[in-house]
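Down below is the structure, laid out as structure tokens.
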2 protein chains.
Amino acid sequence: MEIDIRKRKIGLNFNEYGVAEIWLWAPLAAQVSILTEARELTLSLFDEGYGYWHLQTDQISKHDKYRFKITPLTGGEPLERADPASLFQKEGPSGPSTAFDVNAFSWTDADWKGVALNDLVIYELHTGTFTSNGDFDAIEAKLDYLIELGITAIEIMPVAQFSGSRNWGYDGVFPFAVQNTYGGPSSLQHLVNACHAKGLAVILDVVYNHVGPEGNYFSDFGEYFTDKYHTPWGKAINFDDAGCDAVRSFFIENALMWFRDFHIDALRLDAVHAIKDFSPAHILSEIKAHTDKLSEISGRPYQLIVELDLNDERYIRSQSEYGYGMDAQWVDEFHHALRVCTGQAREGYYSDFNGVSDLAKSYKDAYVYTGQYSPHRQRNFGMPLQQSSGAKFIVFSQNHDQVGNRMLGERSSNLVSFEMLKVMAGAVFCSPFLPLVFMGEEWAETNPFQFFVSHSDEELIEAVRKGRKGEFAAFHTYGETPDPQAEATFERSKLNWAKIGEPGHKTMLHYYQTLIALRKQNPVLANLDRENVQTESFPEKNCLLL
Amino acid sequence: MEIDIRKRKIGLNFNEYGVAEIWLWAPLAAQVSILTEARELTLSLFDEGYGYWHLQTDQISKHDKYRFKITPLTGGEPLERADPASLFQKEGPSGPSTAFDVNAFSWTDADWKGVALNDLVIYELHTGTFTSNGDFDAIEAKLDYLIELGITAIEIMPVAQFSGSRNWGYDGVFPFAVQNTYGGPSSLQHLVNACHAKGLAVILDVVYNHVGPEGNYFSDFGEYFTDKYHTPWGKAINFDDAGCDAVRSFFIENALMWFRDFHIDALRLDAVHAIKDFSPAHILSEIKAHTDKLSEISGRPYQLIVELDLNDERYIRSQSEYGYGMDAQWVDEFHHALRVCTGQAREGYYSDFNGVSDLAKSYKDAYVYTGQYSPHRQRNFGMPLQQSSGAKFIVFSQNHDQVGNRMLGERSSNLVSFEMLKVMAGAVFCSPFLPLVFMGEEWAETNPFQFFVSHSDEELIEAVRKGRKGEFAAFHTYGETPDPQAEATFERSKLNWAKIGEPGHKTMLHYYQTLIALRKQNPVLANLDRENVQTESFPEKNCLLL
């Protein structure tokens, strides 16, 4: 199966005549058929070589529910499985897939030109806890608020279908399916269209480094995983071992789909350091090449932003210079240095940061570690940047991870003074980098953002509980680890919009609005030339002049 | 411990005043002392931070035998261990280390300028089986023969200390110690000096991707290995995980030592695709940078040649273009294509090669697989080369692996006709690449080169036997797998020099001499401009015009 830049091919799609065309990669199957529920049909797919199975049929209609029946090559009973490239799991991961026409939506954003990388002011949000309804429609109702705040792009935490209704999103098991409890795929399309109508760009967080634990049946189909590498979340996805071509295509198709069929403006690729790929062309580089081709066809710019725990310029260097060509990367080290300046204890990964002089370094060099010894990592770490402009880096004073990875999920507003919150925001918005705000930060939300799941397997639930407790065994001698599975943990992590009108919170919101407006108006603040930033740090006074 | 380009620092070394200076990396030790046998001394080493222990003492003399006594951080009995950076294990891996002064040798090769990469005609030999004596001295006695043959460099299979007296060399457990049964370090220095006196360069095969199974006590000292990656030979060496700096330094020191203290001209780095390193600066790139610095100081050129099972130009691209800067790589694909042309059955990795048209491709492109689907690897494989000249590639019609990895270790002389042997040699020597001959090939030696070991642990011996049998379960339905542990397997793998005078063998030797001389004299044959090679292939006639 060759990738077609112009349309989605993997999974079940409808062509211009409404005929269903199905492509499935299942090299471990001796036979494959598709089963529909309503019409009680069973249609055989044809073996097209290289592990691909194919069928074109007019017997499947939009909204039909279907599963694949795969007879294992190794013998044994046939398995009934949802489509790994399903677009919609109306009943969740364990239910059938729903035949969805990704091209049916009536877009009205033909004039949308996108937001230039340099102009990004990003607002990270989690669909389930951003509003009390916890779905895409409810986000739409807040767009005017966001415009007024001054942000130019929302960044939506992962929406790939996960088990249950409560999850940060990094346990997704259907990378192409939009979470049913958020409203499903058409609802996401509606939200993006509405954003564009109001001049907002949409960044989507996607996970290409692992697949969630519950409802993960990939290994019944083919070699999606490899034993060559380990990741903190289990087996690594197979990007360079036998059978990897189809896996690579699967994720390239995924990236193309969000841009082309959901009009997403940028992807935020989760933890790309955990994508292990020794191929001559790294998978990120291939995604970039395909994205560029799509951009040529559509005339729209698309951006690839990576979360990267390595100070390694090769990810963001251009492809002509043998880089992977990513447009920007998150700089956690700016955050860590900033937090230590503002009172964070030097424990865990914060132990590597000493305060204002490190923050001063980050203002100029983006990376704090550029080759020197890191005690936390127990090795020399990082490299100096050769050339990348400030627009290649996303900075923040908090984000979902930095808040939610604390045992109690406390936001900065519960950890530092009101005035210090302003300093932290100022530090971000005066930087020569692209600023990111985590939902609620702008009004000093005091509700926590805790770690929550809603699995159904009791063993898994217990393992997650234990893992979460174990993570904090060394720190946080006070308090109890919130139960990740409890609905209350999810509920207490929701934003409380009523606070906007309250004193203090109202002041902070006004402060953010003013700060963002100032950055936009003042050429000095919006200048992303990091190398001409001048800093002077006074460690004894914990003071930094910019 | 900082690396000093000018002298070896790791391990036990003698300074200009004859005082012993000891550096040991043992982060897993609570205490370290050095024990000498003869003088019954115990001296404590000082903790210098970052896991390093150090001592300067005049109480240890050249040729003293010593061990380290390390008290584990985790408690438990102190361990007595030989020096991981030992230069000489006179009694083998289980014995003490011998204090050796690597600078004591009286070199007479001050005028030696090295052999330019373009002029390399390489002769690969295994010290133990090249001669009946099986040591360095016996190689020296054959140098005039090699000069007469026309070769310009000998390539010595690994000499790092392994267990027992019979081994290909890839089971080395003391990367700095020269095999005792070959004559030890001073004998190797003597050989190199003699080679240089006669105008021969010396290439040494070194293994930086794994450590052998018997006598491997590295894990008692520090995190030499990582669980992040798997290699076919067990745990990967830790080049990018916590604690990796010292491991990186250890191997950089190793490379520098061979060049600086043994006057080796080039290293052949074994199976570098199994070196897993996601650091911003790949360990190969760091070795290159250090080697270049040494070259500046010594005024001699040094070459780094890699065995690489990936068609990936980044290894041989210059560092200014973000490559690893290796000088040349082995091209197994040229060999595979050539062998299929000359009658090799298309089984195992040969199944990917179709004969003359693949060989024709390799003549121009070096790599046969430049991105197309490889059935054997089950993925699209390789990339087209952008720029590398033919001098970046080493080709051969056989080598130790291609002979010895056959169940019976048959050389080509046992597999194809006499005339075909000439064609194979012609194919190599007419190529725009650097030719390599495997010892004995030049007189059509008929003795096999089989896989042999001489371990002492019965379980390990049995495991190697089983592994070897299992490897050939699918092929080779005739014959018995030779017992790798049997001395007879080693003995029958030795060259039979008496054949040189016999008809047939004598003719072949003369043919090789003439062919090599022709290549040296004729500018067309020595032209390494691969892109201007013109080929025409006639698959139906199994014929290739060059």
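The values are calculated or read from the model by the stated rules, or taken from the named source; none is laboratory data. It should be emphasised that the depicted structure is a prediction, and the values quoted were computed from it without experimental measurement. Counting neighbours? That spans all protein chains shown, and the Cβs are built from the backbone with ideal geometry, glycine included.
Within the range A:365-372, the presence of at least one residue that is free of Cβ contacts under 8 Å to residues at least 40 places away in the same chain and within 14 Å of chain B (Cβ to nearest Cβ) is confirmed.
Would a scan of the range B:288-310 turn up a residue that is within 11 Å of chain A (Cβ to nearest Cβ), assigned to a helix (DSSP H, G or I) and either in contact with a Cys (Cβ under 8 Å, 6 or more places away or on another chain) or at negative phi (or both)? There is no residue in the range B:288-310 that is within 11 Å of chain A (Cβ to nearest Cβ), assigned to a helix (DSSP H, G or I) and either in contact with a Cys (Cβ under 8 Å, 6 or more places away or on another chain) or at negative phi (or both).
Applying the condition of being within 16 Å of the chain's Cα centre (by Cα) and part of a helix (DSSP H, G or I) to the range B:117-128 and asking which residue is nearest to B:ILE203 (Cα to Cα) yields B:THR127. Residues in the range B:371-405 that are in a loop (DSSP other than H, G, I, E, B), crowded, with 21+ Cβ neighbours inside 10 Å and within 24 Å of the chain's Cα centre (by Cα): B:GLY382, B:PHE396, B:SER397, B:GLN398, B:ASN399. The single condition among (1) at pLDDT 95 or above; (2) within 14 Å of chain A (Cβ to nearest Cβ) that B:ASN254 does not satisfy is (2).
Tell me the residue from B:GLN450, B:GLN378 that is free of Cβ contacts under 8 Å to residues at least 60 places away in the same chain and within 14 Å of chain A (Cβ to nearest Cβ), please.
Numbers: B:GLN450 fails: within 14 Å of chain A (Cβ to nearest Cβ).
After ruling out the rest, the residue left standing is B:GLN378.
In this structure, is A:LEU518 at pLDDT 95 or above and hydrophobic (A, V, I, L, M, F, W, C)? It is true that A:LEU518 is at pLDDT 95 or above and hydrophobic (A, V, I, L, M, F, W, C).
Residues in the range A:340-370 that are at positive phi and assigned to a loop (DSSP other than H, G, I, E, B): A:GLY343, A:GLY355, A:ALA366. The residues on offer are A:ILE34, A:ILE70, A:ILE60, and the sole one that is assigned to a loop (DSSP other than H, G, I, E, B), surrounded by 13 or more Cβ atoms within 10 Å (Cβ to Cβ) and in contact with a Leu (Cβ under 8 Å, 6 or more places away or on another chain) is A:ILE60. If A:TYR52 meets every condition in (1) out of contact with any Pro (no Cβ under 9 Å at 6 or more places or on another chain); (2) within 19 Å of A:VAL247 (Cβ to Cβ) apart from one, which number is that one? Just one mismatch for A:TYR52, condition (1).
Considering each residue of the range A:450-471, count those that are under 15 Å from A:THR481 (Cβ atoms) and either at pLDDT 95 or above or β-branched (Val, Ile, Thr) (or both), and give that number. Steps first, please.
So the first thing to find is which residues in the range A:450-471 are under 15 Å from A:THR481 (Cβ atoms), and the list is A:450-453, A:461-471.
Keeping just the survivors that are either at pLDDT 95 or above or β-branched (Val, Ile, Thr) (or both) gives A:450-453, A:461, A:464.
Final tally of qualifying residues: 6.
Beta carbons closer than 6 Å, at least 6 apart along the sequence or on distinct chains, never pair a first residue in the range A:251-279 that is outside the structural domain of A:GLU307 (by TED's automatic domain parsing) with a second that is surrounded by fewer than 21 Cβ atoms within 10 Å (Cβ to Cβ) and not charged (D, E, K, R). If the condition is being within 14 Å of chain A (Cβ to nearest Cβ) and buried (at least 17 other Cβ atoms within 10 Å of the Cβ), then the range B:350-364 contributes only B:ASP352. Looking only at the range B:246-266, filter to residues that are in contact with a helix residue (DSSP H, G or I) (Cβ under 6 Å, 6 or more places away or on another chain) and within 22 Å of B:PHE225 (Cβ to Cβ); which one of those is surrounded by the fewest Cβ atoms within 10 Å (Cβ to Cβ)? So the residue we want is B:ILE252.
The selection criterion, being more than 14 Å from chain B (Cβ to nearest Cβ) and in contact with a helix residue (DSSP H, G or I) (Cβ under 9 Å, 6 or more places away or on another chain), holds for A:GLN402. Consider the range B:425-452 and keep the residues that are more than 24 Å from the chain's Cα centre (by Cα) and part of a helix (DSSP H, G or I). The one that is surrounded by the fewest Cβ atoms within 10 Å (Cβ to Cβ) is B:GLY426. For A:GLU419, the conditions (1) under 30 Å from A:ASP529 (Cβ atoms); (2) surrounded by fewer than 16 Cβ atoms within 10 Å (Cβ to Cβ); (3) touching a Ser or Thr at 6+ places or on another chain (Cβ under 8 Å) are fulfilled apart from (3). Taking into account only those residues within the range B:128-147 that are buried (at least 24 other Cβ atoms within 10 Å of the Cβ) and of a type in the set (Val, Ile, Thr), which is farthest from B:GLU445 (Cα to Cα)? Out of the qualifying residues, it is B:ILE139.
For the range A:58-98, the tally of residues that are in contact with an Asp or Glu (Cβ under 8 Å, 6 or more places away or on another chain) and over 24 Å from A:GLY212 (Cα atoms) stands at 2. Scanning the range A:374-433 for residues that are touching a Cys at 6+ places or on another chain (Cβ under 9 Å) and small (Gly, Ala, Ser) turns up just one, A:ALA427. Please indicate, with yes or no, whether at least one residue in the range B:519-536 is touching a Cys at 6+ places or on another chain (Cβ under 9 Å), on the phi < 0 side of the Ramachandran plot and part of a helix (DSSP H, G or I). Yes, the conditions are met somewhere in the range B:519-536.
From A:GLU333, A:GLU347, grab the single residue that is acidic (Asp, Glu) and surrounded by 22 or more Cβ atoms within 10 Å (Cβ to Cβ).
Working: A:GLU347 fails: surrounded by 22 or more Cβ atoms within 10 Å (Cβ to Cβ).
The match here is A:GLU333.
All of (1) farther than 24 Å from A:PHE393 by Cβ; (2) surrounded by fewer than 24 Cβ atoms within 10 Å (Cβ to Cβ); (3) among the small types (Gly, Ala, Ser) hold for A:GLY150 with one exception: (1).
Kindly provide the set of residues from the range A:306-320 that are within 15 Å of A:ASP332 (Cα to Cα) and among the polar types (S, T, N, Q), ordered by number. Scanning the range A:306-320 gives a single hit, A:ASN311.
Restricting A:GLN329, A:GLN319 to those that are in contact with a helix residue (DSSP H, G or I) (Cβ under 9 Å, 6 or more places away or on another chain), within 14 Å of chain B (Cβ to nearest Cβ) and closer than 15 Å to A:GLY390 by Cβ reduces the list to A:GLN329.
Each row is one residue, and each column tells you yes or no for (1) surrounded by 23 or more Cβ atoms within 10 Å (Cβ to Cβ); (2) more than 20 Å from the chain's Cα centre (by Cα); (3) away from chain B (no Cβ under 14 Å); (4) not β-branched (Val, Ile, Thr).
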position	(1), (2), (3), (4)
A:ALA194	no, yes, yes, yes
A:VAL211	yes, no, yes, no
A:PHE218	no, yes, yes, yes
A:PHE221	yes, yes, yes, yes
A:THR231	no, no, no, no
A:GLY234	no, no, no, yes
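Taken over the range A:1-31, the residue count meeting the criterion of being surrounded by fewer than 18 Cβ atoms within 10 Å (Cβ to Cβ), farther than 15 Å from A:THR57 by Cα and at pLDDT below 95 is 1.
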